[in-house]
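Accompanying notes for the structure given below.
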Amino acid sequence: MSKGGFEVAPNIERLTPYVPGKPLEELERELGIRNAVKLASNENPVGPSEAALRAATEAGRQGNRYPDGYKLRADLAAYHAVSLQDIVLGNGSNELIDLLFRAFAKPAAHVVYPDPSFVCYRMGAIATNMEASEVRLRDNLSYDVDALLAAVRPNTQLLFLANPNNPTGAYLGKQELSRLLSSLPSNVIAVMDEAYVEFPDAEDYVSSLSLRSLHENMIVLRTFSKAYGLAAFRIGYGVATPRIVNYIERVKAPFNVSSIALEAARAALADQDHVQRYIAHNRSERARVSNELRTFGLTVAPSQGNFVLVDFARSSKDVYDWLLRKGVIIRPMPAPIATWQRITIGLTTENDRMLESVRALLKEMP
Ligand SMILES: Cc1ncc(COP(=O)(O)O)c(C=O)c1O
């Protein structure tokens, strides 16, 4: 009998709770400062559209009623020119990742995902006891399509791919992505995680939505947390075949997305000017921040996301702690990239503050 008087399955014992980026208020309280900047969680630094905020307030008036996702699903179906039955909503795209594991894990089934990549793929695999192949990136942190395909086995049920990837910012262009999707055995469900789809400026970047004919058993995950600035509302969605959508709906809790999030998302989707302004800001600041960090002598992985991955060639914990004391929160990386930090692209003033602090750090920590 375990100490707590109950026993937990060994796979659950292997899990550790997800640790989010340190909240700003917590750091400010600890340091007694007021102007800390948080560049740790790939959040939109601009904020939600005013129209989304008004819609959320209005939706709150009906807060006594259970939510109904029909209108947002219809808006998304029209936006993507797909059928209503192809859309499934989640409490963040993270819930859909979870539901995919719950719906499709089965005894002795196998899952493939890249490493390093979004940590929730590993969490889902462990939680549902799936056999997993973690496919290493190339040395330059790009995806290795041949290695991903080589990892697929007869019992492979799911393959996850974040495009662009988190935390590297790397992407698979149209040619390689098409090769991956058309070479995958048809029974493998390809989960194309497009949390950062709005940010690439590479000419050969395409959404997997344009390649649905290459691999029918595919779900494309999108989120309102990043470009749309609604991370706190918790809303994302998947576009897939009605058959895949139906299995997800079997394991989904009823009313999983609040009316407030649904209405905020509808208004945010309609306010494309707001989204485009942030995307343009992110592109120019991503280039400027990357260049500046390179002039400091640091290696910066080419990024197509709203963040950059930077090799400080020093212990990532030391660098993180040092910058924390200066009021700059970034994200230290674990092995196998334990000298790297992921830094979200913030407002210009926030980026300047981070760059100044990094310059000071490099002087003090040779
Ligand atoms: C690649 C990727 N997928 C999914 C998510 C989950 O986003 P959300 O649950 O907020 O939609 C994130 C969040 O950082 C991410 O980086």
Just to be sure, is E58 outside any loop (DSSP other than H, G, I, E, B), at pLDDT 85 or above and under 30 Å from G124 (Cα atoms)? no
Filtered residues of the range 71-93 (kept if in a loop (DSSP other than H, G, I, E, B) and surrounded by fewer than 16 Cβ atoms within 10 Å (Cβ to Cβ)): A81, S83
The number of residues in the range 120-142 that are modelled with pLDDT of 95 or more and either in a loop (DSSP other than H, G, I, E, B) or among the β-branched types (V, I, T) (or both) is 9
Could you figure out which of (1) of a type in the set (G, A, S); (2) farther than 28 Å from D271 by Cα; (3) buried (at least 18 other Cβ atoms within 10 Å of the Cβ) isn't true of G21? (3)
For a quick check of your reading: which helices (runs of 4 or more DSSP H) sit entirely within the range 240-322 and have at least 3 residues that are under 20 Å from the mean Cα position of the chain (by Cα)? 259-270, 272-295
Can you name the residue in the range 220-242 that is β-branched (V, I, T) and surrounded by 23 or more Cβ atoms within 10 Å (Cβ to Cβ) and is also farthest from the ligand (Cβ to nearest atom) among such residues? V239
Determine which single condition E7 fails, assuming it passes every other condition in (1) open to solvent by less than 80 Å² (accessible area, probe 1.4 Å); (2) free of Cβ contacts under 8 Å to residues at least 12 places away in the same chain; (3) in a loop (DSSP other than H, G, I, E, B). (1)
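Please verify whether A190 is within 16 Å of the ligand (Cβ to nearest atom), open to solvent by 10 Å² or more (accessible area, probe 1.4 Å) and under 22 Å from the mean Cα position of the chain (by Cα), treating the condition exactly as stated.
No; evaluated as a whole, the condition is false for this residue.
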Need the failing condition index for M123 against (1) surrounded by 20 or more Cβ atoms within 10 Å (Cβ to Cβ); (2) within 13 Å of the ligand (Cβ to nearest atom), just the number. (1)
Scan the range 47-70 and tell me whether some residue there is open to solvent by less than 40 Å² (accessible area, probe 1.4 Å), within 19 Å of A232 (Cβ to Cβ), within 16 Å of the ligand (Cβ to nearest atom) and polar (S, T, N, Q). no
Matching residues in the range 95-110 (open to solvent by 10 Å² or more (accessible area, probe 1.4 Å), in a helix (DSSP H, G or I) and hydrophobic (A, V, I, L, M, F, W, C)) number 2
Is it the case that the range 152-159 has a residue that's within 22 Å of V308 (Cβ to Cβ) and within 16 Å of the ligand (Cβ to nearest atom)? no
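The values are calculated or read from the model by the stated rules, or taken from the named source; none is laboratory data. Treat the numbers as computed from the prediction; the structure is a model and nothing was measured. Every residue, glycine among them, receives a Cβ derived from its backbone with ideal geometry; neighbour counts consider all protein chains shown. Remember, those area values only see protein heavy atoms, side chains included, never the ligands or the DNA or RNA. Shrake-Rupley method; radii C 1.70, N 1.55, O 1.52, S 1.80 Å.
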